[in-house]
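Single-structure report; data block below.
Please treat every number below as a calculation from the coordinates, not as lab data. Quantities reported herein were computed from a predicted structural model and do not represent experimental measurements. Every residue, glycine among them, receives a Cβ derived from its backbone with ideal geometry; neighbour counts consider all protein chains shown.
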Amino acid sequence: MTSNSSNRDELCELARRAEKMLESRGEFFTDGAKLALEDTLRQAKLALEDRAELPFERNREFIVPRSEEAIRFAIQRYTSSEFGRGI
């Protein structure tokens, strides 16, 4: 299992690459694709700042969310990286 730090580092790297791609190749994308990427970047940054809202809440007291839950969700939901890692 990966640690909180490695998840955070991975999401930072993915966000950095997405920003760089948007800057260097933005004119090749449709407005809809750019809007989707910008929204994804916003969600990733919120997760990195520990301000993200998860799409669900745990309603059981004995199930405590992991500290890196929002970061792992952003990596798995907004990228295809989980297919290569076997998550």
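Roughly how many nanometres apart are two label points built 7 Å out from the Cα toward the Cβ at Asp31 and Lys45?
2.1 nm
Once the Cβ-Cβ distance between Arg66 and Cys12 is put in as r, and R0 is 22 Å, what FRET efficiency do you end up with, to the nearest 0.05?
Approximately 0.75, to the nearest 0.05.
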